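The values are calculated or read from the model by the stated rules, or taken from the named source; none is laboratory data. Nothing here was measured: the structure is a model prediction, and the numbers come from that model. Virtual Cβ from ideal backbone geometry, glycine too; neighbours counted across all protein chains shown. Just the protein is used for accessible areas: all its heavy atoms, side chains included, with ligands, DNA and RNA removed. Shrake-Rupley method; radii C 1.70, N 1.55, O 1.52, S 1.80 Å.
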Amino acid sequence: MLDNLALGLSVAFTFQNLAFSFVGCVIGTAIGVLPGVGPVATISLLLPLTFGLDPITAMIMLAGIYYGAQYGGSTSAILLNLPGEVTAVVTTLEGHKMARAGRAGAALTVAAIGSFFAGTVATLVVAGAGPLLTSVAMAFGPAEYFSLILLGLIAATVLAHGNILKSLAMIVLGVLFGLVGTDLQSGQIRFTLGFPQLFEGVGFVPLAMGLFGIAEIIRNLECPENRSGTVSRVGKLWLTKDEFSRSVPSVLRGTALGSLLGVLPGGGLALSTFASYMLERKVSKHREEFGSGAIEGVAGPESANNAASQTSFIPMLTLGIPANAVMALMIGALMIQGIQPGPRMIDEQPTLFWGLIASMWIGNLMLLVINLPLVGVWVSLLKVPYKYLYPAILVFCGIGAYSVNNSAFDVYQTVVFGLIGYALIKLEFEPAPLLIGFVLGPMLEEYLKRAMVLSRGDVSVFIDRPVSAVFLALGALALAAMILPSIRRRKEEAIAE
Amino acid sequence: MSKQVNAKDIASGVILLLLAAIGIYINLDYQLGTASRMGPGYMPLVVLVALGVLGMGVLLAGFYGSPERLEKWAWREVGLILAALSIFGVMLEDIGMAAATVALVVISGLADRTQTLKGIAALAVVLVAICWLVFTWGLQISVPFLPSFLTNP
């Protein structure tokens, strides 16, 4: 492992990779700070810019944006009481209360240092668990892969809010969008509605940009209250001795919790912050302070959040299965670069695998520097009015979508997916499962076909092979766990009527 | 009094069922093949049936769920933002990035009523400058910046 980490560091420490990691972290922080601009939208927006780069440089930059957004999200959560994204919701609970009490600086410091510590530990977890999981995954045949992808798809709905049937429908719709285009085996053109531009499939960038970026803009214009507020003063950054000693155990607990939950497909990120907050509130000696600015309530969830955002790379790097929408984008970026993520990546692309891991740690170090001393810069960014922001985002969307294939058709695809994305918001559908289904759909078909050829059309192969059976059982269990409580609740409601 | 239903779920269910039906109709043209040698229509059929079943489920749940109305659409914002981006796409290749950007900023600017004429003008100038710097000069993407009749007289 040390050799591999050394290899990774040598890759990550080239000038070009350091520079793009830095650029990614800065952009990510800016995005995270700006309320109303989410990380998924940003990454899909910037995806076209990375096509000209080496795969490793592209991944390092995208990863920097991803965890930069986690850091930045806590800044606006603490100072503005507006979470830049879901994972920062918990931080508003205690963090903003601390800011009101004049301790915004301390909250920011503990968030940044906790995140850095958690990121360091989680990076080591990725480095250790990655090769281990890869060696297991190498033994997988098509049947195991099919079941694993199915499990991943089901898990992607577990933590989506609201109606489970609707989340499943989104997955299925995503898979369907993934099937549009030419069938590789037969050459049959499917579901292109007569557009020759769709022969190669629905555009990944237009789909992600439309569903997340464009729909988000319309939504923000419709509900202006999502994006304004008064910015608290930062105050002193130093922690008092008491604050420090109270934070240490919380950071440790948050790191452990986040590292574990981050691996889970389907939103371990948000789950880990909520779980950590609950845990801190239970075990704290200062329980009475919770709700009015307890530092443990910032330290724990912020560490958990960052640890989880690192370990969520594990299923993507080792199995090629995205744990969340951002990871789905990463897979899309790799595939556009001609690299199929999966267990073979670690052997075939060792510099990519280890370079990315090493850059995670470097990125975290950069973020510590970018965030704490420069917090004033980010605060001033909070004051940029949204009315100047959204036309800029729109221009970048337009040029970005066009430049993927140098085709105006991709811009029109973005428009269509923007409309679909807005309709989904209005009908209370979650767009993230659709994106994950879209990425995994073609793989699902491929492995299904291969498994069925090998078994000569016998479906029982998925149950006869033990590993595959375990995956399917887990998937069924997850489905049952989600559906049963909602049925019971409905029954109780019906009886109550 | 009519029974209170979840209109969002009912509309969602109907849309999903419609999509499944249209999809299955298109899929009739593709060969199904057999389970051991799947044709191009096999997987889509499985997926479309699943979509139909889920659509039915969402529809039924809508009749028993907590009552909810359909939300109003912000048609003005939807129309202006999507129109701005579409026109940008139309203008980009032939008339160039500069003019397309100005058109996009002006049209999308109408979507926020707090915009001022001065603000939009300044924003357009700044964005055109940034686009030139980032895309034309920096990344050197193959999009014309100015209209072709100006650069090739």
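When a/c is below 1.5 the answer is rounded, else prolate if a/b is larger than b/c, else oblate, so apply that to the protein assembly as shown with a ≥ b ≥ c taken from the square roots of the Cα gyration tensor eigenvalues. Please report the intermediate quantities before stating the final value.
Working: a/c = 1.28, a/b = 1.10, b/c = 1.16.
Rounded is the answer for the protein assembly as shown, as its axis ratio a/c remains below 1.5.
Evaluate the charge dipole of the protein assembly as shown about its Cα centre and quote only its size in Debye, nearest 20, assuming +1 on the Cβ of each Lys and Arg and -1 on the Cβ of each Asp and Glu.
Numbers: 36 positive and 37 negative charges, 268 e Å.
So the magnitude is around 1280 debye.
Would you mind checking A:K236/A:K387; A:K166/B:K72; A:K97/A:K236 for any pair whose Cα atoms are more than 26 angstrom apart? Could you put the intermediate results ahead of the total?
Details: A:K236/A:K387 32 Å; A:K166/B:K72 20 Å; A:K97/A:K236 16 Å.
Long pairs (Cα-Cα over 26 Å): A:K236/A:K387.
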Taking each residue in A:168-178, count the Cβ atoms of any other chain within 10 Å of its Cβ, then average. What number comes out?
6
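Determine the calculated [θ] at 222 nm for chain A from helices alone, applying -39500 (n - 2.57) to every DSSP H run no shorter than 4 residues and normalising by the residue count; nearest 500 deg cm²/dmol. Walk me through the numbers on the way to the answer.
Numbers: 23 runs with 360 residues, N = 497.
It comes out at -24000 deg cm²/dmol, rounded to the nearest 500.
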Distance (nanometres) between label positions extended 7 Å along Cα→Cβ at B:V5 and A:A481:
3.4 nm
Once amide H atoms are built 1.01 Å from N in the peptide plane, which residues 5 or more positions from A:Q337, or in another chain, come under 5 Å H to H?
none
Pop out the ³J(HN,Hα) list for segment A:38-45 in order, Karplus 6.51 cos²θ - 1.76 cosθ + 1.60 with θ = phi - 60°, rounded to Hz; leave Gly and Pro as x.
x, x, 5, 4, 5, 5, 5, 5
In what sequence, highest mean first, do B:95-108, B:18-31 appear when ranked by Cβ atoms within 10 angstrom?
B:95-108, B:18-31
For the pair B:I26/A:V459, report the inter-label distance in nm, with labels modelled 7 Å from Cα in the Cβ direction.
2.6 nm
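At R0 = 25 Å, how high is the FRET efficiency between A:A139 and B:V49 if r is their beta carbon distance? Nearest 0.05 is fine. Provide the component values of the computation, followed by the final result.
Values: r = 32 Å, r/R0 = 1.29.
Efficiency at R0 = 25 Å is approximately 0.20.
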Would you calculate the separation in nanometres between label points at A:V283 and A:N405, each defined as 7 Å from the Cα along the Cα-to-beta-carbon direction?
5.2 nm
Here the net charge surrounding A:R233, from other residues whose Cβ is less than 14 Å away from its Cβ (Lys, Arg +1; Asp, Glu -1), is +4
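Let me spell out the model: positive unit charges on the Cβ of Lys and Arg, negative unit charges on the Cβ of Asp and Glu, origin at the Cα centre of chain B. What dipole size does that give, in debye rounded to 20?
On the way: 8 positive and 8 negative charges, 71 e Å.
It works out to roughly 340 debye.
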Other protein chain Cβ atoms within 10 Å, averaged over every residue that makes up B:38-49
6
Amide H to amide H, which residues 5 or more places from A:V234 or on other chains are under 5 Å from it, using H placed in the peptide plane?
none
By the C-alpha gyration tensor axes a ≥ b ≥ c (rounded if a/c is under 1.5, else prolate when a/b exceeds b/c, else oblate), the shape of segment A:230-269 is oblate
Counting only protein heavy atoms and a 1.4 Å probe, tell me what percentage of the protein assembly as shown's accessible area is made up of carbon and sulfur.
68 percent
A:E288 accessible area, assembled protein chains, probe 1.4 Å, Å²:
130 Å²
Average other protein chain Cβ within 10 Å of Cβ, residues B:79-87:
6
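I need the peptides A:327-336, A:166-175 ranked by packing, meaning the mean over residues of other C-beta atoms within 10 angstrom, with the highest value on top.
Values: A:327-336: 23.2, A:166-175: 27.2.
Top to bottom by mean Cβ count within 10 Å: A:166-175, A:327-336.
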For segment B:61-76, just list the computed ³J(HN,Hα) in residue order, Karplus coefficients 6.51, -1.76 and 1.60, θ = phi - 60°, integers in Hz, with x standing in for Gly and Pro.
4, x, 6, 10, x, 5, x, 8, 8, 5, 7, 5, 8, 7, 4, 4
Under the Karplus curve 6.51 cos²θ - 1.76 cosθ + 1.60, θ = phi - 60°, whole-Hz ³J(HN,Hα) for segment B:80-90, x wherever Gly or Pro sits
5, 5, 5, 5, 4, 5, 5, 5, 4, x, 5
Does chain B classify as rounded, prolate or oblate by the C-alpha gyration tensor (a ≥ b ≥ c root eigenvalues; a/c under 1.5 gives rounded; else a/b over b/c gives prolate, otherwise oblate)?
oblate
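Sorted by packing (mean other beta-carbon atoms within 10 Å per residue), highest first, where do A:361-370, A:194-203, A:127-136 land? Please report the intermediate quantities before stating the final value.
Details: A:361-370: 21.5, A:194-203: 14.5, A:127-136: 16.2.
Output ranking for A:361-370, A:194-203, A:127-136: A:361-370, A:127-136, A:194-203.
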Skipping prolines and chain starts, which residues have an amide H placed within reach, meaning under 5 Å, of the one on A:R190, given they are 5 or more residues away or on another chain?
A:G181, A:T182, A:D183
